[in-house]
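Scroll down for the structure; my scribbles are underneath it.
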Amino acid sequence: MTQNRSWIPYLLILPTVVFLGLLFIVPLVQTVWLAVSDNGVPSLANMQTMVSDINFGRSILNTFLLTLAVVPIQIAMALAMGTMVSKVNGGRETILWIWTIPLGISDLAAGMVWLSILQNTGYLNTLLFSMGLIERQTAWLTYQTPVALFIGIAIAEIWRGTAIVMIIIVAGLNQVPKEFKEAAEIFGASPWTRFTRITLPLIRPALQSALILRTVLAFEVFAVVYALGGRNFPVLVGEAYNWQNQNQNYGVAAAYAVLIMVISLAATLFYLKVVKVDPERLP
Amino acid sequence: MANIVIDNIRKSFGAFEALKGVSLTINDGEFVSLLGPSGCGKTTLLRIIAGLETATSGDISIGGRSVIGLPPKDRGLAMVFQNYAVFPHMTVYENVAFGLRMQKADDARVRKQVEKAAGLLHIEPYLERYPNKLSGGQRQRVAVARALAVEPAVLLMDEPLSNLDALLRLEMRTELKTVLQSAGTTTIYVTHDQTEAMGLSDRIAVVHDGRIEQVGTPVEIYNHPATRFVGGFIGNPPMNFITLPVRDGQVAIGQERFSVPASGGDIVLGLRGETVERAPAGQGLEMQVRVAEPMGSHLLLTGSILSQPARVILPATETVMNGETIGLTVDAKRVTWLSPENGVSYPAAA
Ligand SMILES: Nc1ncnc2c1ncn2[C@@H]1O[C@H](COP(=O)(O)OP(=O)(O)OP(=O)(O)O)[C@@H](O)[C@H]1O
Ligand SMILES: [Mg+2]
């Protein structure tokens, strides 16, 4: 009876497969082809244009710097937040709810929020001025203040993207039975030792997912940067956007898209290798 | 010196009172079992002693020093958790070594202690394996080895042998007892297996519903239960309770009269099933036998005495038919008299 119906699972899975196939694989193949062809013939012309553009090097550097600055801070903050909230008894849900508010905001809106804080007439300047710390409006987001601009963008990204990391980490922390930490405590482990020798190894799977997800998203950073820095802070997706819309050169835009994908894949493989999850060593 | 004084400990979880004033003194090097049914508060008490849970009120001192407010690691104890809590990401070796590593013991000492503990618990073959491939009983032994390896002054064990098969449990029990005795370890051992408690303990504390019902040596507890609960909980078959009318400070059993510590009303006779002997027909306490089960070593009779359910044990040499009515001789020195109102026993006659 059941053997005769072995096609049922396939039937149920089919819509999602077709959906993904049509909306992901087809554009992917098209994009790759667009990137490595010129007027229908294979060519590296788009790649060459991309690489020789003056913003290419800066956008790679900026994207990597931003990722390197933002992701570790987000992971550390998420771990700290998750650990703190696990100690709270009452109001835990409310705290988590407030912490995850940025998740509900689009990245462009998040950029706008921080623009209203950091722009010349923004809240930050108003505050600094009223405290007598500055004499006149100060610009933070121009190409003359690259460090302040970088910091501003990093803070906005951290504000916007930490919640998703925290959710994954909190879920991971919740899966660690408290007896493991208690046993370690009985046998004399300090809080720090308990964290590094017990908690961290046991949340490896969550840590790995969070790192992969957050890093891939960090390489795709765009709207926040665009809102705060415009073209003063070129990043990879921003360049793809400009080639696509300003320059109307779809081939070079596709080349950027492929580059971003390759970098994301490389980062994922890197994490899978470095933060190895051995099922034998899980509870 | 690591004696433990538990003084009127109470613990509430919200409105629920899990411990209702527990006091218990455990001497240095003594082996005391906490014995009681599921949910009576054994684990809670152990966790409070360990410092993993804070008592609502009361005091605990170890070695003459109050430990209330001290973190677990400063209480000088080791613990075996009811659900083992063996670290899944460490090999068995590193699990057993954990406490010693935390004490910054050198590798030679770690190796020596781990091998000693592993040998005792028969887990040498798994030392390099990870716990999640081990059976429940094997993991449990890792947890015990981890606690023994640090040679603690005080050892708290929460049903440490519950997952072993009967044979292995018997063997582990004996070895555990020998090791702890020679090391002079003060031990609190939680179990709901009464044979285990009887066999291992210097003294047993019977816990019921958040209170200690009785503390005493296994023999005292068995022979003279302080309450009806203790008598019914300990012993297999449990103690029989037969309510009898008292006249002039005496009850009549068959032709015999027994002086009892009550002058009138009713009294409850607490009768251990194996303390009776078969009386000649028509004499002694009359029992209607419903089922007679020859157990090899003895004969188990189930039925009723004065219309109250009863189970007694006779030598295997006796033959009794199902449905037969027999007489039983009661030994006045081996019975317990209890109050029918509150189930508390009267002090044993001197
Ligand atoms: N953290 C807690 N919150 C609320 N109630 C609890 C908590 N821990 C224990 N209890 C309650 O306290 C009572 C005693 O629990 P405890 O675990 O001490 O029982 P136990 O004697 O160890 O039982 P078992 O033999 O089944 O292990 C139980 O009714 C339990 O539901
Ligand atoms: Mg328990």
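Shielding of peptide B:92-103 by partners, expressed as the average count of other chain Cβ atoms within 10 Å per residue Cβ, is 3.
With each run of n ≥ 4 DSSP H residues scored as -39500 (n - 2.57), what mean residue ellipticity at 222 nm is computed for chain A after dividing by its residue count and rounding to the nearest 500 deg cm²/dmol?
The per-residue figure over chain A is -22000 deg cm²/dmol.
Of the residues B:Val150, A:Leu173, A:Pro72, the one whose Cα sits farthest towards the positive end of the charge dipole of the protein assembly as shown is A:Pro72 (charges of +1 on Lys and Arg Cβ, -1 on Asp and Glu Cβ, taken about the Cα centre).
Once A binds B, the 1.4 Å probe can no longer reach about 2200 Å² of accessible area, counting both sides.
Could you state the accessible area per residue of the stretch B:237-338 in Å², with a 1.4 Å probe and every protein chain left in place? All intermediate terms of the calculation are to be shown ahead of the outcome.
Numbers: 5150 Å² over 102 residues.
Result: 50 Å² per residue.
What is the dipole size for chain A, taken about its Cα centre, with +1 at each Lys and Arg Cβ and -1 at each Asp and Glu Cβ, in debye to the nearest 20?
560
For the stretch A:124-234, the per residue solvent-accessible surface stands at 45 Å², with DNA, RNA and ligands left out and a 1.4 Å probe.
Between B:His192, B:His122, B:His89, the GNM of chain B built on Cα springs shorter than 10 angstrom shows B:His89 fluctuating the most. Expressed as a whole percent, the accessible area of chain A that falls on carbon and sulfur atoms is 69 (1.4 Å probe). Positive-end ranking of A:Val147, B:Val312, B:Thr191 along the dipole of the protein assembly as shown, with charges on Cβ about the Cα centre, is headed by A:Val147. Note on B:65-75: average number of Cβ atoms from other chains within 10 Å of each residue's Cβ is 2. In the assembled protein chains, A:Trp99 presents an accessible area of approximately 70 Å² (probe radius 1.4 Å). Inter-part distance, the stretch B:13-64 to the stretch A:236-270, computed on C-alpha centroids, equals 64 Å. Shown is the FRET efficiency for B:Met295 and B:Thr25, computed with R0 = 51 Å from the Cβ-Cβ distance and rounded to the nearest 0.05: 0.85. Take every pair of alpha-carbon atoms less than 8 Å apart whose residues are at least six positions apart; their mean separation over the length of the stretch B:4-226 yields a relative contact order of 29 percent.
Ordering B:Ala105, B:Gly63, B:Thr217 by Cα displacement along the dipole of the stretch B:4-226 toward the positive end leaves B:Ala105 in first place; charges were set at the Cβ atoms of Lys, Arg (+1) and Asp, Glu (-1). What residues from the stretch B:271-293 fall in the zone where the backbone N is under 13 Å from a label point 7 Å along the Cα-to-C-beta line of B:Gln308? Answer for the stretch B:271-293: B:271-272, B:286.
Of the residues making up the stretch A:173-188, those losing 10 Å² or more of accessible area when the isolated chain is joined by the remaining protein chains, with a 1.4 Å probe, are A:Lys178, A:Glu179, A:Phe180, A:Glu182, A:Ala183, A:Ala184, A:Glu185, A:Ile186, A:Phe187, A:Gly188.
Taking the centroid of alpha carbons for each part, the stretch B:70-92 and the stretch A:44-63 are 56 Å apart. For the pair B:Ala15 and B:Thr217, the difference between a 0.36 nm per residue extended length and the Cα-Cα distance amounts to 69.3 nm. Extending 7 Å from the Cα toward the beta-carbon at both B:Asp165 and B:Lys333 defines two label points whose distance is 4.3 nm. Do any residues of the stretch A:245-283 show a loss of at least 50 square angstrom of accessible area between the isolated chain and the full protein assembly, using a 1.4 Å probe, and if so which? Those residues are A:Glu280, A:Arg281. Largest GNM mean-square fluctuation across A:Gly238, A:Gly57, A:Gly251, computed for chain A with C-alpha springs under 10 Å, falls on A:Gly57. Each Lys and Arg contributes +1 and each Asp and Glu -1, all at the Cβ; summed about the Cα centre of chain B, the dipole is approximately 800 debye.
Within 10 Å of the Cβ of each residue in B:43-51, the mean number of Cβ atoms contributed by other protein chains is 1. Scoring B:28-37, B:173-182 by mean Cβ neighbours within 10 Å over their residues and listing the highest first yields B:28-37, B:173-182. A Förster radius of 60 Å, combined with the Cβ-Cβ distance separating B:Asp193 from A:Ile105, puts the computed FRET efficiency at roughly 0.55.
GNM on chain B, alpha-carbon springs under 10 angstrom: the most fluctuating residue among B:Arg311, B:Arg146, B:Arg247 is B:Arg247.
Normalised per residue, the accessible area of the stretch B:4-226 is 39 Å², obtained with a 1.4 Å probe and no contribution from ligands, DNA or RNA.
Checking understanding here: applying a Kyte-Doolittle mean of at least 0.0 and a length along the axis of at least 30 Å (C-alpha), which whole DSSP H helices in chain A pass?
Helix filter hits for chain A: A:54-87, A:146-174, A:250-274.
Note on the stretch B:237-338: with charges restricted to the Cβ of Lys and Arg (+1) and Asp and Glu (-1), its dipole about the Cα centre is near 160 debye. Over all orientations, chain A has a Cα convex hull whose mean projected area works out to 22.9 square nanometres. Taking amide H as placed 1.01 Å from N in the peptide plane, B:Thr227 has its amide H under 5 Å from the amide H of B:Ser345, each at least 5 places away in sequence or on another chain.
Accessible surface of the stretch B:4-226, 1.4 Å probe: 51 percent of it comes from carbon and sulfur atoms.
The values are calculated or read from the model by the stated rules, or taken from the named source; none is laboratory data. This one's a predicted model, so the numbers in the text were calculated from it and none came from an experiment. Neighbour counts are summed over all protein chains in view; Cβ atoms, including those assigned to glycine, are modelled from backbone coordinates with ideal geometry. Surface accessibility is based on the protein's heavy atoms, side chains included, excluding ligands, DNA and RNA. Shrake-Rupley method; radii C 1.70, N 1.55, O 1.52, S 1.80 Å.
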